[in-house]
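The values are calculated or read from the model by the stated rules, or taken from the named source; none is laboratory data. All of these numbers come straight from a predicted model, not from anything done at the bench. Positions of Cβ are generated from backbone atoms using ideal geometry, with glycine treated the same way; all protein chains shown enter the neighbour counts.
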Amino acid sequence: MSDESALLQTKGIRDGLLITFGQAAWPDLVAALVAQIENQPSFFEGARLALDVGANALRVAELSALRDQLSERGISLWAVLSESSLTEITAQNLGLATRLAKPRPSEVQQAAADEIPAEAAKWVKGPLRSGGKVTHEGSVVVLGDVNPGAEIVAGGSIIVWGRLRGVVHAGAEGDENVVICALELSPTQLRIANKIAVSPKKQGKNQPEVARLKDGQLVAEPWQA
């Protein structure tokens with residue numbers, strides 16, 4: 001069977017994770033997905049999955065069997081995207097969504113995949129509430145909001161798929177090449193390496209932004225590919 005990375009791609013979206021299947025026979029795609037889940041159990045624990053199955057024409061037995069396999073591993077399948085009308089009808093008959101709330105995947109989501117490798121990150125199912133703290137030697141990805149009073153300390157980058165309003169420190173070991181990204185960047189305090197800001201300079205508002213060090217200063221820019 002082909003390498004797993006060639007058979008599927010995983011990206012974070014606001015509603016959970018989006019798995020995009022490549023070109024292969026359906027049993028091989030399912031096997032690759034199950035293998036990846038079993039290789040990264042903490043990454044997928046409690047996840048909500050949307051699957052982009054491409055042109056695969058799937059019937060109820062095939063999709064329901066996959067949903068059952070995911071459910072047995074504590075994973076919820078909530079959406080199936082497909083170019084096949086048969087698959088769309090099948091998904092609807094099983095009570096699954098066939099569209100994402102936002103365009104799939106946007107430039108922001110593609111940028112996230114470039115900013116931080118999934119295998120190097122600690123994934124946290126949000127929201128992270130007041131009093132909550134996450135500390136990790138690598139990068140941290142939060143699927144949800146980081147509320148005021150919550151704190152994240154990461155040796156690598158920090159990505160928040162939601163509103164960032166708590167305290168965050170990226171590059172805690174001194175790495176100045178990390179970034180802090182959020183769909184809404186409004187931190188109580190933001191720190192990269194030894195640079196601290198309450199509210200870094202922004203270009204516009206109410207849009208996904210990425211904070212980074214430029215010429216020794218913390219700045220925030222639109223987060224896009």
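What is the residue count in the stretch 180-189 for residues that are touching a Leu at 6+ places or on another chain (Cβ under 7 Å) and assigned to a strand (DSSP E or B)? Total meeting the criteria: 4. Any chance the stretch 79-92 includes a residue that's modelled with pLDDT of 90 or more, in a loop (DSSP other than H, G, I, E, B) and not small (Gly, Ala, Ser)? Yes, the conditions are met somewhere in the stretch 79-92. Residues of the stretch 121-155 that are over 20 Å from Gly16 (Cα atoms), acidic (Asp, Glu) and surrounded by 15 or more Cβ atoms within 10 Å (Cβ to Cβ): Glu151 alone.
How many residues does the stretch 29-64 contain that are farther than 18 Å from Gly16 by Cβ and either without any contact (Cβ under 8 Å) to a residue 12 or more places away in the chain or not hydrophobic (A, V, I, L, M, F, W, C) (or both)?
Taking the stretch 29-64 as the starting set, the residues that turn out to be farther than 18 Å from Gly16 by Cβ are 29-32, 35, 38-39, 54-62, 64.
Remaining after also requiring either without any contact (Cβ under 8 Å) to a residue 12 or more places away in the chain or not hydrophobic (A, V, I, L, M, F, W, C) (or both): 38-39, 54, 56, 59, 61-62, 64.
Here the count works out to 8.
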